[in-house]
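Here is the structure we will look at, set down as structure tokens.
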Amino acid sequence: MKLVILGPPGAGKGTQATKLSRELSLPRVSTGDMLRHEVAAGTDLGKRAEEYMKVGVLVPDELIVEMIGERLSREDVRRGFILDGFPRNLEQAEALRRMSDIDAVIHLDVSEEEVVERFSGRRECSKCQAAYHVRNSPPQVKGRCDRCGGNIRQRVDDREDVVRQRFRTYREKTEPLVEHYRGSKHLVEIDGSGSIEEVRQAIRAALTSKELL
Ligand code: AMP
């Protein structure tokens, strides 16, 4: 099964993609995570990508398409994959069409105000990237990761000004993909404003009704 999860930053794409990945035993492929790895490793790609990521705009297509092309040529994605954060514009959707067929595109919809609210409390471990939230899932010891003891911090691109810019980027570049995929009958529309479990069940129900589960 080849799935794409589409939605604004903070819609819960990563959370739901991770759950689906476990349930279906398929790799989750997140371009955001791959880029953050490159940044942390200080590679040439990471250095170039960081300039764009810091301000909440898209990294140029040629860098992304090459990176994802390499990823989707590996053995572990032959049975399928869950794409999280790619494609992000019509050019990337066209590049994906040339690389692979897709069974469903899940659109997780949430409002800008809800996104800003969710991000303001979001934190991550600087070492192992474990996710926390100041209200919903704080670490046991303030500022320390439960898993590895690393420092907990706010991602630079989770600051409110950057989140609003990321949302604008989404509206302008990525949202047109919803209409694009609606034409192909692959589109699954999900209200992303519910709880993690409600959204998970809505996704399962939609995939079942498309006879994909
Ligand atoms: P994410 O964690 O998916 O929200 O991605 C974080 C940042 O990485 C985005 O704000 C972009 O700057 C960059 N990024 C991730 N995926 C893509 C993509 N498919 N195309 C361009 N930029 C991307």
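The values are calculated or read from the model by the stated rules, or taken from the named source; none is laboratory data. Bear in mind the structure is a predicted one, so any value in this text is a computation, not a measurement. Glycine also receives a Cβ, built like all others from the backbone with ideal geometry; neighbour counts cover every protein chain displayed. Heads up: the accessible areas ignore ligands, DNA and RNA and are worked out on the full protein's heavy atoms, side chains in. Shrake-Rupley method; radii C 1.70, N 1.55, O 1.52, S 1.80 Å.
Using a Förster radius of 30 Å, what is the FRET efficiency between Ser184 and Arg22 based on their Cβ-Cβ separation? Nearest 0.05, please. Intermediate values should be presented prior to the final figure.
Details: r = 27 Å, r/R0 = 0.91.
About 0.65, to the nearest 0.05.
Taking every C-alpha pair closer than 8 Å and separated by at least 6 residues, the mean separation divided by the residue count of the chain gives a relative contact order of 30 percent. Provide the FRET efficiency to the nearest 0.05 for the Asp101-Asp191 pair, computing r from the beta carbons and using R0 = 30 Å. In this case the efficiency is close to 0.65.
Using a probe of 1.4 Å, the accessible surface attributed to Lys47 totals some 120 Å² when neighbouring protein chains are kept in position.
Measuring only protein heavy atoms, the 1.4 Å probe finds Ser73 accessible over about 90 Å².
Stretch Ser209-Asp61 to full length: gain in nm at 0.36 nm per residue minus the Cα-Cα span?
Details: separation 148, 0.36 × 148 = 53.28 nm, distance 3.38 nm.
Difference between extended and current length: 49.9 nm.
Taking all protein chains as present, what is the carbon and sulfur share of the accessible area of the chain, in % to the nearest whole number, probe 1.4 Å?
Details: 5430 of 11450 Å².
Carbon with sulfur: 47 percent of the solvent-accessible area.
Of the whole protein surface, Asp44 contributes about 120 Å² of accessible area at a 1.4 Å probe radius. A Cβ-based charge dipole, computed about the Cα centre of the chain with Lys and Arg at +1 and Asp and Glu at -1, lands at about 700 debye.
Which value, in Å to one decimal place, does the Kirkwood hydrodynamic radius take for the chain when every pair of different Cα atoms is included? Could the numbers behind the result be given before it?
On the way: mean 1/r = 0.0561 Å⁻¹.
Here the Kirkwood hydrodynamic radius works out to 17.8 Å.
Excluding same-chain neighbours fewer than eight residues apart, the aspartates and glutamates reachable from Lys47 by a Cα-Cα span under 18 Å are Asp33, Glu38, Asp61, Glu62, Glu66, Asp157. Solvent exposure of the range 85-213, expressed per residue, is 58 Å² of accessible area, with all protein chains present and a 1.4 angstrom probe. The lysines within cross-link reach of Lys210, meaning a Cα-to-Cα straight distance under 17 Å and a gap of 8 or more places when in the same chain, are Lys2, Lys185.
Between Glu117 and Asp161, the contour length at 0.36 nm per residue exceeds the Cα-Cα span by 14.6 nm.
Between Asp44 and Glu70, the C-beta separation translates, for a Förster distance of 22 Å, into a calculated FRET efficiency of about 0.90.
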